[in-house]
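The block underneath contains the structure these notes are about, expressed in structure tokens.
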Amino acid sequence: MKKLKCYYPDHYTYIDAVGDTYYCCYSRGHSRGSILKENLEDIFRGHTYAEIREKLKGGEFPAGCFTCSNLEKSGLSSPRTKKEIVRDGPPRLQEIEMKLSNKCNFRCRMCYIGSSSRWAELPEIQRKYRKSESQTEEFDQSIEKHLQLKPYASWLSKENHSLQNILDSMGAVERISFSGGEPLYQNEHYDFLDAIPKDQKRKIELFYTTNLSMLKFEGKAIDHYWNDFKSVELQVSADGVYDVYDYIREGGKFSTLEKNLKTISSWDSIIRTSINCTIQAYNIFQIPEITQYYHSEFPDFELRLAHLVNPQFLSSRVFPKVTTEQILKRIESASYSDTTSPQENIDFIKSEDLSHLYEKFMAYTGELDKESHTSFRDLAKKYDIILEEK
């Protein structure tokens, strides 16, 4: 069997908002240990990581590799195949991605309590829908753990020695990635940057997954921090334009995103900015507008369209046949630039029929619409998509 080459378990570790570690940020529900109980370097060099590496070498996707396995079976590229950084040699911890907290100012519809503290406002919806789609008992327990931590979850503390644990494990680290929650909205994020020795900062690349809803937090201007590091790369979560953006990313305003994107475009500390749109049931019909807007307004920023795999009931493949045909017609009939092709999105929609989950999708959407005083049915109608009754 062909060896599955994967960067993550050999050079990377991910820490979630409660301090649990994973060999990949997509492997939720398959923790390798907790930095509140063990040294990070010991976890990385321990037997659980070794098992993952051996399975991949043997051509087998471990249980936590559901996202990549599913995408590759559909004939699409995956996080494993898209990873741009290539490092050779034996396993060595060179990149740490961390959720210092799940504190977030947005409550995006496809998100969950592990990545946004605002989902604590709707705990029963989390339990009813996200736990029901979970593949592991550990993921269900993680949801409950996050729901109990008020006002938000965070593992970073001088008192529990977690901060020193990370600093002690950074000898070979060249890249630190921050995800959320929203890192630019977290005191813990600024405390962590302050704790890194000044001479080490110049050797470290920073990478952010951010909603870019703010460039200053409680008097802290982020550009002043970034100037101390080797480089900064941003992956800005957008998920749409105009009304679709505002619908999906509750708490955000598209006009604020536009303003902040224009501001950072002149910052020397940022070497690359990409716009990431998670393609899902709520925005699949807006692909023509998404591609046209970002390519015309921000041509120097890379636009990335990544298809949502989990939860499946929010996938773009969830609609019944008649609605799917309307969506495909809209995507196929639109005009695109010479460098843009909608074919991968069309292929993904056609790759699997998940319409048996449509009723669940509409029930979930209905509950959120009631809470938010919005209507997905009305939004879709503006794009000539008529939703079938559930």
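The values are calculated or read from the model by the stated rules, or taken from the named source; none is laboratory data. The model shown is predicted, which means the values in this text are computed figures rather than measured ones. Neighbour counts run over all protein chains shown; Cβ positions are idealised from the backbone, glycine included. The accessibility values were calculated without ligands, DNA or RNA, using every heavy atom of the protein model including side chains. Shrake-Rupley method; radii C 1.70, N 1.55, O 1.52, S 1.80 Å.
When the solvent-accessible surface of protein heavy atoms is calculated with a 1.4 angstrom probe, in what order do Y8, Y242, Y282 fall, highest first? Don't skip to the answer; put the middle values down first.
Working: Y8 25, Y242 115, Y282 0 Å².
From most accessible down to least: Y242, Y8, Y282.
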| Where labels lie 7 Å past Cα in the beta-carbon direction, separation of D384 and K253 in nm | 3.2 nm
| said: On a 1.4 Å probe surface of the protein chains, which of Y358, Y336 comes out largest in accessible area, and what is the full order? | reply: Y336, Y358
| task | Could you order D347, D384 by accessible surface area, starting with the largest, using a probe radius of 1.4 Å? | result | D384, D347
| query | Based solely on its DSSP helices, what 222 nm [θ] is calculated for the chain when runs of n ≥ 4 H residues each add -39,500 (n - 2.57) and the sum is averaged over all residues, nearest 500 deg cm²/dmol? | reply | -10000 deg cm²/dmol
| query | Given a Förster distance of 45 angstrom, what is the FRET efficiency for D347 paired with S266, based on the Cβ-Cβ distance and rounded to 0.05? | reply | 0.75
| query | At a probe size of 1.4 Å, how large is the accessible area of F313, to the nearest 10 Å²? | reply | 0 Å²
| task | Check the straight Cα-Cα distances from K350 and name the lysines below 26 Å, setting aside those fewer than 8 residues away within the same chain. | result | K73, K82, K83, K321, K329, K360, K381, K382, K390
| field | Net length gained if the chain between K145 and L36 were fully extended (0.36 nm per residue, minus Cα distance) | value | 37.8 nm
| query | So what are the ³J(HN,Hα) numbers for the range 379-386, from phi and the Karplus equation (6.51, -1.76, 1.60; θ = phi - 60°), rounded to whole Hz, Gly and Pro as x? | reply | 5, 4, 4, 4, 9, 6, 10, 9
| field | Estimated translational D of the chain in µm²/s (Stokes, Kirkwood radius over Cα pairs; 25 °C; 0.890 mPa s) | value | 112 µm²/s
| query | Which whole-Hz couplings ³J(HN,Hα) result when phi for each residue of the range 284-300 is put into the Karplus expression 6.51 cos²θ - 1.76 cosθ + 1.60, θ = phi - 60°, listed in order with x for Gly and Pro? | reply | 4, 6, 9, 3, x, 6, 4, 5, 5, 5, 5, 6, 8, 7, 9, x, 7
| Binned Cα-Cα distances of the range 168-318, short to long, each 5 Å bin given as a whole percent | 2, 8, 17, 21, 18, 14, 10, 7, 3, 0, 0
| Once the convex hull of the C-alpha atoms of the range 271-365 is built, how many Å³ does it hold per residue, rounded to a whole number? | 102 Å³
| query | Dividing the Cα convex hull volume of the range 108-194 by residue count, how many Å³ per residue is that? | reply | 134 Å³
| request: Provide the solvent-accessible area of L156, counting protein heavy atoms only and rolling a 1.4 Å probe, rounded to the nearest 10 Å². | output: 30 Å²
| remark: With no solvent term and unit scatterers on the alpha-carbon positions of the range 48-133, Debye gives log₁₀ I(q)/I(0) at q = 0.26 Å⁻¹ of -1.22
| said: With every protein chain left in place and a probe of 1.4 Å, what is the accessible surface of K321, to the nearest 10 Å²? | reply: 150 Å²
| query | In Å², what does the accessible area per residue of the chain work out to with a 1.4 Å probe? | reply | 44 Å²
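Report, to the nearest whole %, how much of the accessible area of the chain belongs to carbon and sulfur atoms, 1.4 Å probe, protein only.
Here carbon and sulfur together make up 47 percent of the probe-accessible area.
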